[in-house]
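The values are calculated or read from the model by the stated rules, or taken from the named source; none is laboratory data. What you see is a predicted model; the values in this text were computed from it and never measured. Reconstructed Cβ throughout: ideal geometry from the backbone, glycine too, with neighbour counts over all protein chains shown.
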Amino acid sequence: MGVLDGVRVVDLGGSVACLSATLFLAEAGADVVMVEPPGGSPLRARPGFRTWGRSKSSIELDMSSPTGLDELDAMLAAADVVVHSLRPSETTLLGLDDASLSVRHPHLVVSSILGWPVGHPDADAPVDDQLTLARLGVLDEQLGARGESPIYVRFPLGTWTAAWLSVIGVTSRLLVREETGIGGPAHTSLAQGALVPMMMHWSRAESPSDLLAIGMPKDNMRASLFECGDGRWIHVMPPEPAQTPLMQEVFAELGPAKVAVENERLHGQGLPGWTNWGAITEAFRHRSSDEWLADLWAHDIPAQPAVGLGAILSDEQAVANRYVVDVDDPEVGRVSLAGLPLTLDPPAMVRGPAPSAPGGAPDWSPPGSAGRDRPAVRPAGGSSPLSGLKVLDFGNFLAGPLGPMLLADLGATVVKVEATTGDPMRWADWPFAGCQRGKRAVALDLKSPASRPAVEALIRWADVVHHNLRLPAARRLGLDPASIRAVNPEAIVCHVSSYGPAGPRADWPGYDQMFQASCGWEVAGAGEGNPPMWHRFGFMDHLCAMSSAAGTLMALLQRVRTGRATDVAASLLGAGTMTNSETYLLADGTLAPAPILDAAQTAVGPGERIVRLVDGWIAIAATTTDQVAAFCEVAGVGNPDQLADALVTRTTSDVLDALAAVEVPAAAVRRGQRGPFFDDPDHVAAGLVATYTHRLWGRFEQPGALWNFGDLDVRLDRAPPVLGEHTIEVLHEVGVDDALIEELLTTGAAVDANGGTDGPND
């Protein structure tokens with residue numbers, strides 16, 4: 001039994017994002033059947049299918065034939081959810097468009113994962129990461145080995161973010177169906193997924209602060225990666241490690257003069273507040289990575305080695321939390337695979353290996369999911385999926401607050417509770433704004449006993465309590481799951497950590513950088529032979545937060561069905577390990593091969609590359625032998641190795657037209673989209689731009705809708721709050737009396753931006 005027990009899902013596949021989304025549903029308890037074309041899914045040829053296809057059954061159907069479509073329709077009649085990557089032109093041809101399905105199967109939840117949103121002019125474009133990121137402008141957002149040129153982003157950014165958006169959308173729709181008995185669309189896309197991390201980089205304000213206006217320049221990333229004496233690199237985050245015993249020992253060996261010279265040589269290049277950047281950089285070269293890691297870990301300094309893709313599959317902490325699982329695969333034997341990224345109750349489970357071949361149709365008669373035959377208790381339209389849900393967010397930085405922000409987008413009422421000194425990330429403005437919209441803000445001194453009655457009133461008010469405080473600190477503040485449930489037994493409690501709830505590193509500090517390093521992406525994304533590279537997209541933080549939102553909604557659906565409130569745990573390590581599903585670890589310790597990015601950061605294969613032309617760049621996704629041959633013919637070469645040089649004198653329009661004529665997928669690489677994104681009328685019409693009024697910045701624009709629910713709205717009407725913007729308002733709402741509110745404000749245990757104690761951003 002799982003939290004999604006009884007939910008039936010048809011996976012029409014077509015993309016890694018679809019297979020991944022349905023994998024998360026399957027291992028949370030849903031019964032998932034993959035529909036494969038005659039001859040099987042092309043994705044079976046990839047090592048990742050061992051992971052993406054597991055815990056599911058499979059059937060082979062020819063959807064180009066009337067008989068195949070009839071069989072599919074019979075399955076959909078008994079199913080609860082269908083997930084697919086069929087383009088709108090294809091769904092119309094097959095009778096699988098929203099309008100047709102709503103007539104034949106009004107109970108069905110439908111989630112498409114396209115390249116671009118439903119309703120966007122590019123919605124029929126190929127569902128491909130690089131092509132989508134190119135046209136969106138994201139390939140131009142990372143400074144790579146060649147300086148200012150765009151790069152091929154090796155990490156499948158759109159795929160992983162869209163997979164989690166699909167799970168969130170599907171589960172939200174299932175919650176609505178519990179009330180209405182009616183299903184409906186829960187669509188998303190690779191472009192909308194990629195906009196989640198871009199939200200902290202792309203915004204536009206009428207009167208921006210200096211920090212918001214500057215943002216994070218590509219040439220000022222200052223990633224704290226250090227090469228050690230054994231040639232390995234490690235990523236270290238604050239606090240500055242200048243005072244650890246080993247660092248002091250090496251400083252003594254270098255001598256004061258050398259320390260001063262090295263600091264002067266690299267002056268201004270380090271992280272803010274690090275006064276010994278140059279000396280530290282030199283010191284790391286004098287000891288091995290193992291020595292440094294032991295020293296840093298012993299003194300609570302976040303650090304991880306930058307290793308290759310797949311190394312995390314033998315990590316003891318990942319194994320301890322079931323983020324890595326061993327499976328007896330019928331084709332390749334005993335393997336270690338990326339496992340279960342969420343801790344649920346009942347636990348998620350691997351239900352079997354990926355099927356070696358398609359089988360027979362599932363026995364799904366009679367229909368079996370709760371909710372479909374219930375009379376409607378609220379209108380099917382005119383509201384948001386999570387209208388009425390109350391969420392209390394005690395999170396800081398990004399991995400904690402982003403999950404509640406996504407719930408706010410879906411219509412939940414979200415209250416952010418932060419210290420009177422503010423969320424530590426508030427002072428950067430640009431990343432803070434990227435994960436805080438839709439919330440009201442309360443500022444309380446959680447360490448003050450005087451604030452406890454107000455905190456408990458807030459907890460009693462909430463359906464969900466969500467945070468990423470380290471658990472030792474959470475226990476001291478009375479915000480651990482047991483303390484929260486003592487106040488509100490019906491609350492869903494979601495805790496976000498760095499390394500997961502079990503294992504020796506359960507309470508360790510962590511940052512996105514740690515998991516880009518340890519999960520292999522700093523090496524894989526840098527290109528063959530280059531030093532490791534941190535990606536400014538911060539995708540480990542974002543994937544962790546998205547998984548927490550998905551797990552929270554699963555627990556809410558279970559509470560609706562059973563009356564039982566449970567805990568959910570998500571982590572950066574859990575979400576990060578899952579991205580290693582491209583490969584697997586064999587019993588002999590070898591890894592299945594994964595694509596390798598070239599040293600120029602332009603290609604992972606003959607036809608999967610970006611190419612420079614006389615007036616710009618294009619991205620090409622020639623994934624078959626025939627497509628590569630056609631690409632070579634367009635370029636006038638006989639060898640794919642000659643492609644880059646052959647096209648450098650031709651124009652973008654010329655090459656794109658020629659490639660389109662021979663059906664080779666390609667797209668122009670858009671550049672400098674931080675501002676122009678908001679002026680694109682196609683983006684505006686598709687709801688990809690949100691506009692509201694910020695208290696300090698005036699008119700404020702950010703990337704907008706991350707889903708399309710058809711008859712239901714996403715709620716994009718509240719800008720990120722200033723510190724304490726709603727303290728008095730919210731405390732009144734949850735029943736705190738005037739006398740206590742006045743005492744909290746007078747003593748400084750609370751801040752209100754509307755006349756109470758002044759806050760730092762008043």
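Note on region 85-104: residues that are farther than 14 Å from residue 708 by Cβ and either at pLDDT below 95 or touching a Ser or Thr at 6+ places or on another chain (Cβ under 7 Å) (or both) total 2. Looking across region 687-704, not a single residue is surrounded by 15 or more Cβ atoms within 10 Å (Cβ to Cβ), more than 24 Å from the chain's Cα centre (by Cα) and of a type in the set (Gly, Ala, Ser). Report whether or not residue 577 is free of Cβ contacts under 8 Å to residues at least 60 places away in the same chain and of a type in the set (Val, Ile, Thr). Against the criterion (free of Cβ contacts under 8 Å to residues at least 60 places away in the same chain and of a type in the set (Val, Ile, Thr)), residue 577 does not qualify.
Need at least 2 residues that are crowded, with 23+ Cβ neighbours inside 10 Å and not charged (D, E, K, R) per element, so show me which helices (runs of 4 or more DSSP H) inside region 91-197 make the cut, counting only ones lying wholly within it.
129-136, 157-180
Consider residue 74 carefully, then state whether it is surrounded by fewer than 22 Cβ atoms within 10 Å (Cβ to Cβ) and either out of contact with any helix residue (DSSP H, G or I) (no Cβ under 8 Å at 6 or more places or on another chain) or not aliphatic (A, V, I, L, M) (or both). So residue 74 fits the description; yes. Applying the condition of being in contact with a helix residue (DSSP H, G or I) (Cβ under 8 Å, 6 or more places away or on another chain) and of a type in the set (D, E, K, R) to region 598-620 and asking which residue is surrounded by the most Cβ atoms within 10 Å (Cβ to Cβ) yields 609.
With the structure loaded, tell me whether residue 26 is in a helix (DSSP H, G or I), more than 25 Å from the chain's Cα centre (by Cα) and among the hydrophobic types (A, V, I, L, M, F, W, C) or whether it fails that test.
The answer is no for residue 26.
Scanning region 365-409 for residues that are among the hydrophobic types (A, V, I, L, M, F, W, C), surrounded by 24 or more Cβ atoms within 10 Å (Cβ to Cβ) and either at pLDDT below 95 or in a loop (DSSP other than H, G, I, E, B) (or both) yields 386, 394, 398, 399.
For region 202-221, a residue qualifies if it is modelled with pLDDT of 90 or more, aliphatic (A, V, I, L, M) and within 19 Å of residue 271 (Cα to Cα), and the qualifying residues are 211, 212, 214, 216.
Condition check ((1) of a type in the set (Asp, Glu); (2) in contact with a Lys or Arg (Cβ under 7 Å, 6 or more places away or on another chain); (3) within 30 Å of residue 171 (Cβ to Cβ)) across all residues:
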residue	(1), (2), (3)
693	no, yes, no
699	no, no, no
712	no, no, yes
719	no, yes, yes
734	no, no, yes
737	yes, no, no
740	no, no, no
743	yes, no, no
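Within region 657-679, can you find the residues that are part of a loop (DSSP other than H, G, I, E, B) and under 23 Å from residue 148 (Cβ atoms)? Listed by number, the residues that qualify are 669, 670, 671, 672, 673, 674, 675. Based on what the data block shows, is residue 287 closer than 21 Å to residue 23 by Cα and at pLDDT 95 or above? It is false that residue 287 is closer than 21 Å to residue 23 by Cα and at pLDDT 95 or above. One residue stands out among those in region 621-642 that are in a helix (DSSP H, G or I), surrounded by fewer than 15 Cβ atoms within 10 Å (Cβ to Cβ) and not β-branched (Val, Ile, Thr): the one that is modelled with the lowest pLDDT, which is 641. When region 86-120 is filtered for residues that are under 19 Å from residue 190 (Cα atoms) and touching a residue at least 60 places away in the same chain (Cβ under 8 Å), the ones remaining, listed by number, are 86, 110, 111, 112, 113, 114, 115, 116, 117, 118, 119, 120. Counting only residues that are touching a residue at least 24 places away in the same chain (Cβ under 8 Å) and outside any helix (DSSP H, G or I), region 33-85 holds 29 of them. Taken together, the residues in region 425-465 that are farther than 15 Å from residue 487 by Cα and either of a type in the set (A, V, I, L, M, F, W, C) or in contact with a Cys (Cβ under 8 Å, 6 or more places away or on another chain) (or both) amount to 13. Considering region 410-487, the qualifying helices (runs of 4 or more DSSP H), each wholly inside and each with 2 or more residues that are free of Cβ contacts under 8 Å to residues at least 12 places away in the same chain, run over 471-476, 481-487.
Taking the stated definitions as given, is residue 521 touching a residue at least 60 places away in the same chain (Cβ under 8 Å), hydrophobic (A, V, I, L, M, F, W, C) and closer than 30 Å to residue 634 by Cα?
No: the conditions fail for residue 521.
Here is the figure for region 583-597: residues that are part of a loop (DSSP other than H, G, I, E, B) and buried (at least 19 other Cβ atoms within 10 Å of the Cβ) total 4.
Exactly one residue out of 226, 251 is in a helix (DSSP H, G or I) and either in contact with a Pro (Cβ under 7 Å, 6 or more places away or on another chain) or aromatic (Phe, Trp, Tyr) (or both): that is 251. If you go through region 690-701 and keep only what is farther than 16 Å from residue 410 by Cα and either at pLDDT below 95 or not in a loop (DSSP other than H, G, I, E, B) (or both), you end up with 691, 692, 693, 694, 698, 699, 700, 701. Criterion applied to 524, 506 was being at negative phi and in contact with a Lys or Arg (Cβ under 9 Å, 6 or more places away or on another chain), and the one residue passing it is 524.
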